[in-house]
1. Which three extents, in angstrom, do the Cα atoms of the chain have along their principal axes, listed largest first?
2. Work out which GluC sites (Glu not before Pro) in the chain are exposed loop sites (DSSP not H, G, I, E or B, at most 10 other Cβ within 10 Å) and give the longest gap free of them.
3. Treating each Cα of segment 19-107 as an identical point scatterer and ignoring solvent, apply the Debye formula and state log10 I(q)/I(0) at q = 0.16, 0.17, 0.23 Å⁻¹.
4. Can you give the FRET efficiency to the nearest 0.05 for Ile2 and His250, using r as the Cβ-Cβ distance and R₀ = 45 Å?
5. Could you work out the helix-only [θ] at 222 nm for the chain, with each DSSP H run of four or more residues adding -39,500 (n - 2.57) and the total divided by the number of residues, to the nearest 500 deg cm²/dmol?
6. Taking the Cα-to-Cβ direction at Lys55 and at Glu177 and moving 7 Å from each Cα, how far apart do the two end points lie in nm?
7. Would you kindly derive the ³J(HN,Hα) couplings of segment 206-220 from the backbone phi angles with the Karplus curve 6.51 cos²θ - 1.76 cosθ + 1.60 (θ = phi - 60°), listing them in order in whole Hz, with x for Gly and Pro?
8. If the cut-off is 13 Å between C-alpha atoms, which aspartates and glutamates fall inside it for Lys410, apart from same-chain ones fewer than 8 positions away?
Amino acid sequence: MIARYQTPEMQALWSEVRRYQAWAQVELLALEAWERLGQVPVGTALKLRRALEEKPLDEAFAARVEAIEAETRHDIVAFTRALTEWTGQAEVARWLHLGLTSSDVVDTAQNLLLDQALALVLGELAQVQDLLKGLALRYKHLPAVGRTHGVHAEPTSFGLRFLSFYAALLRDAERLERARRGLRVVMLSGSVGNYAHVEPGVEQYVAERLGFAVEQVSTQVVPRDRHAELLSALAILGANLERIAVELRHLQRTEVLEAQEPFAYKQTGSSSMPHKKNPVALENISGLARLLRSNLQAGLENVALWHERDISHSSVERVVLPDSTTLAHYLLRRLGRVLEGLTVYEENVRRNLELTRGLVYSQRVLNLLIESGLERAQAYEVVQRNALKSWAEGLDFRALLEADPHCPLKGEALARAFDPGYFLRHVDAIYARFGL
């Protein structure tokens with residue numbers, strides 16, 4: 001991911017150095033397991049551990065791996081050779097990578113990094129959930145116009161929008177947790193997944209040390225439906241974040257202006273129009289969510305590998321797994337900043353509710369007319385005739401009904417239909433579903 005859309009945490013996590021550190025961790029634990037099985041001299045793993053503690057893998061080590069890989073054209077071979085040079089442990093080199101194939105190390109380490117990446121994403125997600133919950137509570141009882149098809153429909157709670165977003169992100173957290181559990185697996189089963197040259201106990205030991213499960217049936221790789229599930233969960237998260245962004249963008253339209261994203265001191269909205277305050281952060285979220293969806297397609301293509309494996313997935317995953325987790329983290333952080341500084345113009349919310357001169361109460365009028373004794377078709381005709389006249393002539397809907405001899409509701413009985421509080425009377429019950 002380009003630096004513009006990275007976060008410091010993800011940049012560090014997906015660095016080459018961190019990847020090699022994860023590979024070394026897997027190799028070290030495998031050595032410990034072989035020692036316990038009596039296949040490797042006691043103390044071998046400890047020598048490697050101490051060498052790594054005394055001389056941690058860093059950028060210089062990464063550069064050395066790159067130099068060796070230019071010759072070997074194989075990253076794990078380059079890594080193991082560089083690790084031997086770096087630690088100066090020739091005795092360890094004899095036993096390093098014993099019985100393993102490259103994917104045993106790469107896939108297990110990758111799952112370890114993905115687990116850490118998801119911890120970051122879920123942490124950021126929890127903060128955005130809290131912000132949405134706060135906005136939902138703050139504007140719970142603020143009547144606002146609800147829109148369907150982009151057209152004014154009926155009064156609703158302004159806060160209910162945020163509660164809906166909050167509920168969506170709770171579902172996102174569930175999906176991400178499920179995908180995370182699916183990737184918390186270790187695979188150390190050899191070249192075709194049948195433990196021909198490695199004992200299952202090695203895999204079990206490494207899994208226990210990492211707090212992971214073992215892959216139930218592997219080939220030379222961890223089955224890629226696990227990774228596709230993760231990319232799916234991230235794509236849906238992105239879609240929900242875009243849903244929030246699109247709603248807030250609509251609310252920031254000049255003629256609506258019920259909400260506005262933060263606009264910093266000395267920020268400029270346009271190079272040519274000094275008055276502009278554009279929802280650029282929200283538009284950024286809408287745009288980057290598209291990448292999360294496109295990366296899912298690539299992840300689905302990775303599921304069907306040849307026989308026990310081919311390498312077609314590898315190049316794709318080097319891009320989509322770091323990029324998707326990084327983007328999710330970035331998008332959540334950016335949306336969080338928008339929500340923290342969001343301005344809600346309550347007067348405009350009230351103004352827009354009355355913009356159609358009472359037409360948003362038409363269904364309430366219809367139902368009250370039916371209750372008063374009119375047949376539904378007759379009541380509908382009365383309401384529609386006056387509603388269309390209100391639209392066409394810019395007249396007050398309630399005043400038209402008062403003057404209509406075919407409308408039996410007058411005075412206080414008619415006024416009941418135009419109370420926005422009626423439309424919010426069950427809002428508390430909805431919030432209670434979330435313990436709010």
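Just so you know, all these numbers are worked out from the coordinates, no wet-lab data involved. Predicted model only: the values in this text are computed from it and were never measured. Every residue, glycine among them, receives a Cβ derived from its backbone with ideal geometry; neighbour counts consider all protein chains shown.
1. So the three principal-axis extents are 101, 51, 36 Å.
2. In the chain, the maximal stretch lacking such sites is 1-254.
3. -0.58, -0.66, -1.20
4. Values: r = 29 Å, r/R0 = 0.64.
Taking R0 as 45 Å, the efficiency between Ile2 and His250 is 0.95.
5. Working: 18 runs with 277 residues, N = 436.
When only DSSP H runs of four or more count, the value is -21000 deg cm²/dmol.
6. 4.5 nm
7. 4, 4, 5, 5, 8, x, 10, 9, 8, 5, 4, 9, 10, 10, 8
8. Glu402
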